[in-house]
Amino acid sequence: MTHKILTFDDLGITPADIYGQMGYHDALPDEATQKESSTIMAQVRAILQPEFCFFVTRELPAFDMGKIIMNQLRGAEGYALFIATCGGAFERFQQQLKAEGDMVRVFIADAMGSVIAEKCADEMEKNLQLSIDKLGWKHTNRFSPGYCGWHVSQQQLLFPLFNGQTCGVTLTDSSLMLPIKSVSGIIGVGEKVRRLDYTCGLCNFEKCYKRKLKHT
């Protein structure tokens with residue numbers, strides 16, 4: 001098991017990342033929103049402890065991931081199972097903002113949390129690649145329950161495989177991760193696998209974050 005705790009600065013987050021997640025793709029938000037975003041970013045930098053964990057298994061777990069993901073994993077010699085999270089401190093920060101009732105700040109923090117979780121997962125991928133370089137292996141895209149036909153309820157099969165070492169992330173009965181701004185899933189590894197563009201044309205899930213990124 002590989003486990004790392006990061007800092008805000010490790011993630012390389014820029015204001016443009018936050019604005020893009022907020023929906024400002026070709027224009028900047030108004031000056032007041034930019035100022036508020038900078039304030040929240042400074043507050044988050046002081047408290048943030050994102051973390052990730054992953055391990056590689058040679059045997060594909062008995063998930064029902066659907067044909068889209070299975071096609072992407074074809075040829076894999078192993079499978080990395082991972083969890084990446086913004087961490088408990090950020091979750092508490094979000095809850096505090098919600099209690100204060102300032103919906104602009106809540107919206108900005110929500111966008112920031114999504115960016116943090118994905119950037120943390122990006123760092124996990126970099127570390128995964130470093131760990132398999134010695135084998136001459138590459139890795140596929142990462143795939144998560146809830147996307148590409150893999151039902152979110154399969155989180156209940158994924159999490160026990162970590163034997164309690166889940167970076168502090170827990171599941172609700174409805175398979176929602178807590179902290180909410182967390183990412184989990186599977187990555188194929190091996191000599192012949194490839195990391196491809198996300199095949200949004202094969203999937204009809206309109207709210208997928210990868211679809212949003214593809215259209216920016």
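Give the Debye-formula value of log10 I(q)/I(0) at each listed q (0.12 Å⁻¹), with one equal scatterer per alpha carbon of the stretch 1-127, two decimals each. For the stretch 1-127, the Cα-only Debye profile gives -0.56. Legend: distances between Cα atoms for LYS4/LYS67; LYS4/LYS181; LYS4/LYS134; LYS67/LYS134; LYS119/LYS181; pairs beyond 22 Å are LYS4/LYS67; LYS67/LYS134.
Across bins of 5 angstrom width beginning at 0, how are the C-alpha pair distances of the stretch 63-114 distributed, in whole percent? So the P(r) values, bin by bin, are 4, 16, 18, 12, 7, 9, 12, 13, 7, 2, 0. In the chain, the longest principal axis of the Cα atoms and the axis of helix 88-100 are about 40 degrees apart. About its Cα centre, the chain has a charge dipole of approximately 620 debye under the convention of +1 per Lys or Arg Cβ and -1 per Asp or Glu Cβ, with nothing else charged. Counting only protein heavy atoms and using a 1.4 Å probe, the accessible area of ILE47 comes to about 60 Å². The residues of the stretch 1-144 expose on average 48 square angstrom of accessible surface per residue, using a 1.4 Å probe on protein heavy atoms.
For the stretch 66-103, the residues whose amide N sits under 15 Å from a probe point set 7 Å from the Cα of LEU196 along the beta carbon direction are 66-76. For the chain, averaging the sequence separation of C-alpha pairs within contact (under 8 Å, six or more residues apart) and dividing by the residue count gives a relative contact order of 27 percent. Among 23-29, 154-160, 128-134, 85-91, the peptide with the highest mean count of other Cβ atoms within 10 Å heads the list, and the full ranking is 85-91, 154-160, 128-134, 23-29. Here the stretch 1-85 is assigned +1 on the Cβ of each Lys and Arg and -1 on the Cβ of each Asp and Glu. Its dipole about the Cα centre then comes out at about 340 debye. Heavy-atom accessible area, probed at 1.4 angstrom with all protein chains present, ranks MET103, MET112, MET22 as MET103, MET22, MET112, highest first.
Per-residue surface analysis assigns LYS181 an accessible area of about 30 Å², computed on protein heavy atoms at 1.4 Å probe radius. Considering only ALA46, CYS120, LEU60, and ranking their Cα positions along the charge dipole of the chain that arises from unit charges at the beta-carbon of Lys, Arg, Asp and Glu, the one farthest toward the positive end is LEU60.
Under 1.5 on a/c is rounded, so check that first for the stretch 105-149, then, if it is not, pick prolate when a/b is larger than b/c and oblate when it is not; a ≥ b ≥ c are the square roots of the alpha carbon gyration tensor eigenvalues. Oblate. Take the Cβ-Cβ distance between ASP30 and THR7 as r, set R0 to 41 Å, and report the resulting FRET efficiency rounded to the nearest 0.05. Using R0 = 41 Å, I get an efficiency of 0.90.
The values are calculated or read from the model by the stated rules, or taken from the named source; none is laboratory data. All figures in this text were calculated on a predicted structure; none of them were measured in a lab. Cβ: placed from backbone, ideal geometry, glycine included. Neighbour counts: every protein chain shown. Accessible surface areas use protein heavy atoms only, side chains included; no ligands, DNA or RNA. Shrake-Rupley method; radii C 1.70, N 1.55, O 1.52, S 1.80 Å.
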